[in-house]
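Here's the structure we're looking at; comments come further down.
The values are calculated or read from the model by the stated rules, or taken from the named source; none is laboratory data. Computed from a predicted model, the values in this text were never measured in an experiment. Here the Cβ positions follow ideal geometry from the backbone for every residue, glycine too, while neighbour counts run over all protein chains shown.
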Amino acid sequence: MIRLRGLLTFCASVVVSLNAALAAEPGTSAPIPLPQADRAVLERLLGPGVVGEALPGKPLLASSEFMPVADVTWVFRFTGGKQSGTTEEAVLTRMSRDKTGKSGRFAVGDDSVYYFRQSGDGDLYIISEHDQQEGMITRFTPSEPVILSGMAPGTTKRKQSTVKLFDLSDPKDLAHQGTVNLSYSYIGTYRVTVPAGTFDAVLIKWRYQGEVGPATVEDTQYRFFAEGMGPVAMVDKSNISAYLLYQDNSKQGRVLVRKE
């Protein structure tokens, strides 16, 4: 019994030492427990068991480590919302006219097309969103951030953007405009299990508040990004413009089935 107790004590000390070593790595921070309010939303829309333990974190890598601007297809399964159980493709295509290789077109399903651009600092931004179903173009000025490289876990950046909605058939026809305050938060790193596998993924949270045309904007979105895989799970709306125009408060969860 004494020998067993000693062995257990030794094992526990090894685990503590390993965790301390991880947290002591240059640029690495201790795990940040997922706030209960956020966990409740994620479990409701992604399902139990998708988001696991908190892991040691480090500053966000350059966007090319998560979503390089290249020809890639992700296949997601809806886990919450009206389309639950069905699948959807998200296709990223590099814009050949941009010889720098930093611009991309990201088509999500049949309805939404996002135009991305990577900055010289390694950040990734949405330049505009085209809502094919409603026939609207949404533009944020300054552009909406997807990945802000170098951010530390547990930190938030805030900015105010002008939002303009244009008619897709006539991009000069301004339908609505307004101002939105965006909080961009790097919550932490977590073990995420989806049909495509188990990943150590960073969690980014977007919170929008403001007024656009006749609409009051208040929304929160979540996305998990894994190094080398890109987005592996998310909770958001089908598209921004539909929410701004019709105040559709329904959210949808999606998990990665495969990457092609």
When you scan the stretch 68-84, do you find a residue that is in contact with a Gly (Cβ under 8 Å, 6 or more places away or on another chain), under 26 Å from Pro171 (Cβ atoms) and in contact (Cβ under 8 Å) with a residue 24 or more places away in the chain, even just one? yes
Test of understanding: among Ala54, Ala37, which residue is modelled with pLDDT of 95 or more and in a strand (DSSP E or B)? Ala54
All positions within the stretch 134-155 that are more than 25 Å from Val69 (Cα to Cα) and touching a strand residue (DSSP E or B) at 6+ places or on another chain (Cβ under 9 Å): Gly135, Gly154, Thr155
Identity of the residue in the stretch 131-147, crowded, with 20+ Cβ neighbours inside 10 Å and either in contact with a Leu (Cβ under 6 Å, 6 or more places away or on another chain) or among the aliphatic types (A, V, I, L, M) (or both), that ends up nearest to Val163 (Cα to Cα): Thr138
Identity of the residue in the stretch 153-186, farther than 25 Å from Thr216 by Cβ and in a strand (DSSP E or B), that ends up modelled with the lowest pLDDT: Pro171
